[in-house]
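Data block below; observations after.
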Amino acid sequence: MHVCHHDGCTRAYKDKRDLQDHLRSKKHDPDKLLALKCDQCTDTFRSRVSLRQHKRRVHDKAKPKFKCDHPGCDYTADQSNNLTRHKRAVHQGIKNKFKVVECPLCASTLNETDLARHIRHNCPFGKMVRIKCRFCEQDYATRKARDDHENAIHHGFRRFVCEMCGKDYAYPECRIRCKERHKIVTTI
């Protein structure tokens, strides 16, 4: 058994290399004193995996394994995810990892992460999916906004209290403005 010698640490490992990895962790070695050094350059790494990846990418002169199949493009990559990122960015015009989808209401094309926000705020047919107040005709883009409205206006909840004057407000923004007014008055 290989036991960690640091005070308060009870870790023990069967393999000496696992103990060395543990000792290189930020908890025990913030100055990288036991960091793994590359034997071909001055770079240091905290794990064997990172060192192995570095050597493969930087020092191994092996040909990249993945080639772009787009006509006229000679891009090559050593990892498939880099090739996928290249194809999306260069050949499909997508600058991030998310795929392009079509809005079900207006048929606009956009990244899938932007779809919900698009429907709530920009889609011409988005009013159909807005969330209506259960007591009046007001509508909101999110349930939270609707609930805040209902609690403040229809239920009379005023849970935001100004610490300076004790006045209560339905919305946090009102309490903040009240505190700012008190600061202005006290500085004059």
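Observations on the model:
- Cα long-axis angle, helix 172-187 against the chain (0 to 90 degrees, to the nearest 10): 80 degrees
- Rounded FRET efficiency, nearest 0.05, which uses the C-beta distance separating Q92 from V58 and R0 of 35 Å: 0.75
- Among 67-75, 173-181, the peptide with the highest mean count of other Cβ atoms within 10 Å heads the list, and the full ranking is 173-181, 67-75.
- Over the chain: helical MRE at 222 nm, DSSP H runs n ≥ 4 each giving -39500 (n - 2.57), nearest 500: -7000 deg cm²/dmol
- If you look at the Cα atoms of the stretch 60-170, you get an Rg and a Dmax of 24.4, 72 Å.
- Per-selection metrics, the chain (Cα): Rg and Dmax in Å: 29.2, 73
- For the stretch 77-136, Kirkwood radius (reciprocal of mean inverse C-alpha pair distance, Å): 13.6 Å
No value in this document is a laboratory result; all are computed from the given coordinates. Note that the coordinates shown come from a computational prediction; the quantities given were computed from them, not determined experimentally. Every residue, glycine among them, receives a Cβ derived from its backbone with ideal geometry; neighbour counts consider all protein chains shown.
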